[in-house]
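Read the structure below first, then the notes.
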Amino acid sequence: DVIAWIYGANTHINYPVVQGSDNDYYLRHLLDGTWNDNGSIFMDCANSADFSDQNSLIYGHNMHDGSMFGQLVRYRDEDFYKAHPTFTFDTLYEGGTWQVVAAVDTALGADTLPYYTFFDADTKLDWQHRVRAITEKALYDTGVMPEYGAQLLTLSTCGDTRPDTDARFALLAVRID
């Protein structure tokens, strides 16, 4: 089920990315199938495993100890972003460098066009509306705006470490290499 590897230099983010047939299994299972509350970093089951979607969604738990996507929320701080504006995301097909476009705090059901429902858009205008819906909620201006047709990646975690929270934190990134 391993389809990619994500790495953020000078962070604890350095993990394989898996994809299952649903979005529940890897919430509480490791790569080898062992039950574990930390789960795995995984791509949404609605995404294509060949990364042909306009936007691929990657999920991971926000752990107290900073493991998994526990350090992702450090992007709330613009200085952290400035020190870590890019990360690598290598698929089975090719390597890539990704530039952070927006860091967003939100909650499940709070947005008209939630980031976690954006996989593909029917038209250029729809794509632009989707990207704008995310970037308008950005915590700060990165100065980066993807152009239509660019490959996007969204990293998503809980907005805090409480069990069953509706709070969400996400990074929208665009492929630059």
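The values are calculated or read from the model by the stated rules, or taken from the named source; none is laboratory data. Predicted model only: the values in this text are computed from it and were never measured. Here the Cβ positions follow ideal geometry from the backbone for every residue, glycine too, while neighbour counts run over all protein chains shown. Please note that ligands, DNA and RNA were not included when accessible areas were found on the heavy atoms of the full protein model with its side chains. Shrake-Rupley method; radii C 1.70, N 1.55, O 1.52, S 1.80 Å.
Since Tyr81 meets every condition but one in (1) buried (at least 20 other Cβ atoms within 10 Å of the Cβ); (2) of a type in the set (Phe, Trp, Tyr); (3) in contact with a helix residue (DSSP H, G or I) (Cβ under 9 Å, 6 or more places away or on another chain), which condition does it not meet?
Here Tyr81 meets the rest and fails (1).
Could you tell me whether Tyr7 is modelled with pLDDT of 95 or more, within 16 Å of the chain's Cα centre (by Cα), closer than 26 Å to Lys137 by Cα and open to solvent by 10 Å² or more (accessible area, probe 1.4 Å)?
In short, yes.
In this structure, is Pro114 open to solvent by 70 Å² or more (accessible area, probe 1.4 Å), out of contact with any helix residue (DSSP H, G or I) (no Cβ under 6 Å at 6 or more places or on another chain) and closer than 22 Å to Leu27 by Cβ?
In short, no.
Which residue out of Thr106, Thr154, Thr88, Thr165 is of a type in the set (Ser, Thr, Tyr) and assigned to a loop (DSSP other than H, G, I, E, B)?
Thr165
Which of the residues that make up region 143-159 are under 18 Å from Thr88 (Cβ atoms), surrounded by fewer than 19 Cβ atoms within 10 Å (Cβ to Cβ) and not small (Gly, Ala, Ser)?
Matches in region 143-159: Val144, Gln151.
Please identify the pairs in which a residue from region 30-46 that is on the phi > 0 side of the Ramachandran plot has its Cβ atom under 6 Å from the Cβ atom of a residue that is open to solvent by less than 60 Å² (accessible area, probe 1.4 Å) and among the aromatic types (Phe, Trp, Tyr), counting only partners at least 6 apart or on another chain.
Gly39/Tyr26
Out of the residues in region 160-177 that are of a type outside the set (Lys, Arg) and either in contact with a helix residue (DSSP H, G or I) (Cβ under 7 Å, 6 or more places away or on another chain) or free of Cβ contacts under 8 Å to residues at least 40 places away in the same chain (or both), state the one that is surrounded by the most Cβ atoms within 10 Å (Cβ to Cβ).
Within region 160-177, the match that is surrounded by the most Cβ atoms within 10 Å (Cβ to Cβ) is Leu172.
For region 119-134, check the following and say yes or no: at least one residue is under 22 Å from Asn62 (Cα atoms) and at pLDDT below 95.
Yes, region 119-134 contains at least one residue that is under 22 Å from Asn62 (Cα atoms) and at pLDDT below 95.
Condition first: without any contact (Cβ under 8 Å) to a residue 40 or more places away in the chain and either within 16 Å of Gln99 (Cα to Cα) or in a loop (DSSP other than H, G, I, E, B) (or both). Now tell me which residues in region 126-143 satisfy that.
Selection gives Ile134, Thr135, Glu136, Lys137, Ala138, Asp141, Gly143.
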